[in-house]
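Structure record follows, encoded as structure tokens.
The values are calculated or read from the model by the stated rules, or taken from the named source; none is laboratory data. Quantities reported herein were computed from a predicted structural model and do not represent experimental measurements. Reconstructed Cβ throughout: ideal geometry from the backbone, glycine too, with neighbour counts over all protein chains shown. Quick note on the areas: whole protein, heavy atoms, side chains included, nothing else; ligands and nucleic acids left out. Shrake-Rupley method; radii C 1.70, N 1.55, O 1.52, S 1.80 Å.
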Amino acid sequence: MNSLPDPRLPSGTIADAWNRTQGSLPLISSSRKRELQLLVVGTGLAGASAAATLAEQGYQVRVISFHDSPRRAHSVAAQGGINAARPRSLDGDSVSRLFVDTLRGGDFRAREAGCQRLAEISSAIIDQCVAQGVPFAREYDGTLSTRRMGGASVSRTFYARGQTGQQLLCGAYQALMRQVALGQVELLCRRDVLELIKVDGVARGVVCRDLLSGELEVHTAQAVLLATGGYSNVYFLSTNALKSNASAIWRAHRQGALFANPCFTQIHPTCIPSGDPYQSKRTLMSESLRNDGRVWLPSDSGDQRSAVEIPEAQRDYFLERQYPAYGNMVPRDVASRRARELCNSGYGVGPGGQAFYLDLSDAISSQGREVIVERYGNLLEMYERITGEDPLMTPMCISPAPHYTMGGLWVDYYLMSSIPGLFVLGEANFSEHGANRLGASALMQGLADGYFIAPATVTAWLAGHTTTPVANDHWACREALARARARIELLLQGAGQRSVDSFHRELGAVILDRCGISRDAEGLRVGLADVALLEQRFHAEVSIPSQAQGPNPELEKGLRVADFFGLAKLMLRDALAREESCGAHFREEHQTEEGEARRDDENFAHIAAWEDREQAEPVRHVEPLNFTSLKPSQRSYR
């Protein structure tokens with residue numbers, strides 16, 4: 001690849017650019033659509049909504065899910081809510097306000113045209129979900145309730161208690177299953193995608209492994225849509241589900257899809273601390289709790305008293321002190337970084353002194369216990385079940401944890417990757433969040449991609465590209481099958497004694513330390529060397545039961561972790577190459593006197609898109625970012 005593909009950004013003013021673009025896209029007749037097969041990988045919000053909408057349009061859609069049911073996709077775990085620009089008399093929100101918050105929240109490292117489109121579509125998403133019966137919270141007069149999330153200038157987050165992701169996924173799931181019942185969608189569960197199939201440079205299918213039989217399968221189509229989520233599980237201990245993985249997008253990257261901004265990863269400030277070294281995941285406590293909860297640490301370092309024993313005068317409400325304008329509602333990257341600084345200085349509490357308190361007592365006193373329980377009931381119950389402490393009686397003990405990845409496969413304005421015919425949706429692409437995603441914007445992006453953008457752009461691409469069916473014994477399919485078998489055989493031939501999890505845990509510790517909340521050049525170089533050495537040891541020392549047929553969970557994990565090693569090295573390279581601080585990418589060498597991120601707009605106002613090269617160093621391409629509606633400025637929440 002000699003240069004970056006054309007991002008195909010709209011010309012003219014960005015306001016209403018998506019409507020103009022959509023109006024000019026070519027269409028396909030309904031009779032022709034019935035002859036075309038599409039392949040959707042992933043059944044979270046982006047995948048399920050895209051599959052249901054495309055099937056409703058008349059396409060024959062085959063859906064591949066890692067889970068035994070689409071409802072187990074990780075979108076179900078989203079808690080806080082979904083953003084949308086719907087003017088309310090309370091605060092006068094608007095499309096332009098949401099656009100500004102999104103672009104500024106990402107520290108001006110996203111395309112402004114994409115942020116504008118997301119803001120314009122957001123209100124229609126709420127209408128769609130209400131029509132599906134999603135039980136959003138409502139005021140006494142029946143209007144939809146909202147709450148505020150970090151980095152937002154107004155209250156624009158629509159929610160269903162602390163179960164918003166679950167309720168939205170139920171809506172997308174019922175739309176999907178309606179199409180299954182009509183025969184428009186073929187749903188294949190318990191499949192793990194291992195390879196991408198390309199014919200003449202165009203994505204035409206995937207190779208996947210049946211997780212019950214162990215058989216390798218070939219699935220071909222006229223176009224492929226990847227909606228497989230992010231890669232936070234490279235850190236091992238993250239808020240993602242245990243089986244969330246990056247193999248589908250990583251395999252696409254190895255076949256030529258550019259990977260954009262891999263070092264842009266988000267550490268969520270409010271999670272339940274890890275209980276012991278062998279814990280397998282972290283549990284998220286919704287950012288929405290910071291609406292009513294106050295964040296604090298003891299004023300004296302090394303204070304060993306319990307939270308209830310520390311008087312008010314000896315509590316440091318550090319976010320309110322440092323950021324009086326936004327207080328506890330600063331963006332996630334800022335809250336996590338400030339908490340970590342104080343914890344590392346000896347003020348932390350909880351396990352290893354790396355946690356802080358989230359206190360609901362003032363909200364309970366002013367609003368009443370019943371109001372807080374109604375607003376956050378399931379979150380409070382979850383916390384009590386895990387910790388054994390009642391958050392209504394004692395402050396919650398919380399700490400930061402890896403949560404979301406803003407990086408992902410590079411896509412153009414039409415959501416197509418650098419491989420023609422391969423569309424990437426939701427968290428799997430790098431898209432609209434820049435260097436830091438604001439709370440409640442993930443659900444907005446996933447549903448915008450699935451319900452509104454991809455159905456239009458996939459059709460437009462198919463209208464201009466005539467494709468014939470690809471037989472399962474095509475040479476490209478045989479090559480992809482051979483690659484998948486070779487990877488499986490390599491893992492099964494290992495004669496080591498160590499488990500996959502032990503290597504994954506060690507990799508996670510390295511990447512969190514070197515490429516976590518903050519980074520520096522020397523640490524990144526050390527991290528690259530450590531990951532490379534650990535990868536060599538993995539292939540020499542890992543032990544996986546020698547059984548390709550039938551269920552083999554250790555083989556599944558081994559394939560995922562082998563991909564995580566390559567991804568971890570790319571994250572470290574990207575962080576090392578980006579000599580600036582922006583959003584969640586905080587380079588210690590590049591900060592202001594106040595300890596805030598110092599961007600370098602002259603040299604790094606661009607998207608970094610990495611090209612994989614076999615047996616050689618990856619190549620870094622850049623896509624310049626141009627700002628016409630909102631000029632970059634120092635991001636300040638003080």
Scanning segment 150-176 for residues that are in a helix (DSSP H, G or I) and touching a strand residue (DSSP E or B) at 6+ places or on another chain (Cβ under 8 Å), which turns out farthest from Tyr383 (Cα to Cα)?
Leu176
Only one of Val224, Val193 is at pLDDT 95 or above and touching a Cys at 6+ places or on another chain (Cβ under 8 Å), namely Val193
Residue that is most open to solvent (accessible area, probe 1.4 Å) [pool: residues in segment 446-499 that are part of a loop (DSSP other than H, G, I, E, B) and small (Gly, Ala, Ser)]:
Ala495
When segment 146-162 is checked residue by residue, the ones that are among the hydroxyl-bearing types (Ser, Thr, Tyr) and in contact with a helix residue (DSSP H, G or I) (Cβ under 9 Å, 6 or more places away or on another chain) are Ser153, Ser155, Thr157, Tyr159
Pair list, Cβ < 8 Å and 6+ apart or interchain, from segment 171-189 residues that are more than 13 Å from Thr53 (Cβ to Cβ) to residues that are of a type in the set (Asp, Glu) and outside any strand (DSSP E or B):
Cys189/Asp68
Can you confirm whether segment 426-434 contains a residue that is more than 17 Å from His621 (Cα to Cα) and outside any helix (DSSP H, G or I)?
no
Given the conditions (1) over 24 Å from Ala124 (Cα atoms); (2) open to solvent by 70 Å² or more (accessible area, probe 1.4 Å), and given that Gln37 satisfies all but one, which numbered condition is not satisfied?
(2)
Cys397: in a strand (DSSP E or B) and of a type outside the set (Phe, Trp, Tyr), yes or no?
yes
Quick one: is Leu187 outside any helix (DSSP H, G or I), surrounded by fewer than 22 Cβ atoms within 10 Å (Cβ to Cβ), hydrophobic (A, V, I, L, M, F, W, C) and in contact with a helix residue (DSSP H, G or I) (Cβ under 7 Å, 6 or more places away or on another chain)?
yes
Hey, Glu579 hits all of (1) over 26 Å from Gly508 (Cβ atoms); (2) open to solvent by 10 Å² or more (accessible area, probe 1.4 Å); (3) out of contact with any Leu (no Cβ under 9 Å at 6 or more places or on another chain); (4) not in a helix (DSSP H, G or I) but one; which does it fall short on?
(1)
Please work out if Gln536 is over 19 Å from Glu195 (Cβ atoms), more than 26 Å from the chain's Cα centre (by Cα) and assigned to a helix (DSSP H, G or I).
yes
Residue in segment 334-354 that is open to solvent by 50 Å² or more (accessible area, probe 1.4 Å), part of a helix (DSSP H, G or I) and closer than 27 Å to Arg161 by Cα present
no
So, in segment 17-70, how many residues would count as being touching a Phe, Trp or Tyr at 6+ places or on another chain (Cβ under 7 Å), more than 14 Å from Leu187 (Cβ to Cβ) and not hydrophobic (A, V, I, L, M, F, W, C)?
3
With respect to the numbered conditions (1) at pLDDT 95 or above; (2) of a type outside the set (A, V, I, L, M); (3) not in a helix (DSSP H, G or I), which one is the sole condition not fulfilled by Phe99?
(3)
In segment 410-421, is there at least one residue being open to solvent by less than 40 Å² (accessible area, probe 1.4 Å), modelled with pLDDT of 95 or more and assigned to a strand (DSSP E or B)?
yes
The strands (runs of 3 or more DSSP E) lying entirely within segment 219-321 that contain at least 1 residues which are open to solvent by 30 Å² or more (accessible area, probe 1.4 Å) are 294-298
How many residues does segment 54-64 hold that are buried (at least 23 other Cβ atoms within 10 Å of the Cβ) and either part of a helix (DSSP H, G or I) or not hydrophobic (A, V, I, L, M, F, W, C) (or both)?
3
Pick from segment 606-632 the residues that are out of contact with any Lys or Arg (no Cβ under 8 Å at 6 or more places or on another chain) and closer than 23 Å to Asp101 by Cα: which of them is most open to solvent (accessible area, probe 1.4 Å)?
Lys631
Tell me the residue from Val373, Val334, Val349 that is within 26 Å of Ala137 (Cβ to Cβ) and either acidic (Asp, Glu) or out of contact with any Gly (no Cβ under 6 Å at 6 or more places or on another chain) (or both), please.
Val373
Candidates Glu389, Glu381, Glu374, Glu370 - the one that is farther than 30 Å from Val199 by Cβ, open to solvent by 50 Å² or more (accessible area, probe 1.4 Å) and touching a helix residue (DSSP H, G or I) at 6+ places or on another chain (Cβ under 8 Å)
Glu389
Within segment 500-526, which residues are assigned to a loop (DSSP other than H, G, I, E, B) and either buried (at least 17 other Cβ atoms within 10 Å of the Cβ) or of a type in the set (A, V, I, L, M, F, W, C) (or both)?
Cys515, Gly516, Ile517, Ser518
